[in-house]
Structures are given as C-alpha cells and as structure tokens.
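The numbers here are math on the coordinates, done by the rules we state, and not lab data. Computed from a predicted model, the values in this text were never measured in an experiment. Neighbour counts run over all protein chains shown; Cβ positions are idealised from the backbone, glycine included.
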Amino acid sequence: MTGKIIRLKRIIGRDGKTVITPMDHGVSCGPIAGLEDMKLALTRAIGGGADTVILHKGNFKMLSDLDLPLPGIILHLSASTQLSLDFHRKVIVGSIEEAIR
C-alpha cells in the first residue's frame, strides 16, 4: 500500500465514500452563525456523520477535548480575511511540521 493510499484512508470513510465538513471559515469570515461554539459544532458534525473536518490549527486543538471518535483531519495552513483590501491574498499561517505533530 502506498503512502498516498494510507493518507487517503484517513479522510475517506470505510465505505469508500466521504463527507468532508469545512469548519475553517472563522479566520477568513469572522464569526459565523452555528460556529460560535466550535466544540458544539464539532460534536454535531462528527455525530452527524462527518468522516473528515477541515480546520485551522487553533480549532484543531479543541478535538482532544471531545469525547468522540476523532474524524479525519484536513488542517488548513493558509488564511485570508475579508477585512483586508486584498481579501483574496492568502498567507501561510502554519507549517508542515506543525501539521504532523
């Protein structure tokens, strides 16, 4: 089995299908209704069947506090903000080294 297949199995459900729930909007958009309480939102997403969640590193740390089986994780390592004059410009906010810890 290749490394690529091993990594894909972390985010694809056992049935070969996947539900990926993006929850990384807070950095670029600010507070969003339904995502103010990230622990509750993560609990609902995972409990609702999300195989994988997309998070920024700050919210990733909350997963260890949940009393649920952990989903697959896609860690978003870049960000932009709608408050910027150049809101399409993304900058690196995390490193590969941080992501693999």
For this session: Find how much the distance from Ala79 to Arg10 grows on full extension, using 0.36 nm per residue of separation minus their present alpha carbon separation; answer in nm with one decimal.
Result: 22.5 nm
Exercise. Which residues in the stretch 54-97 have a backbone N closer than 16 Å to a point placed 7 Å from the Cα of Met1 along the Cα-to-Cβ line?
Worked result: 72-73
Exercise. Which residue fluctuates the most in the chain, going by a Gaussian network model with Cα springs under 10 Å, if the choices are Leu77, Leu85, Leu42?
Worked result: Leu85
Exercise. Just from its helices, what would the mean residue ellipticity at 222 nm be for the chain, if runs of 4 or more DSSP H residues each count -39500 (n - 2.57) and the sum is divided by every residue, rounded to the nearest 500 deg cm²/dmol?
Worked result: -7000 deg cm²/dmol
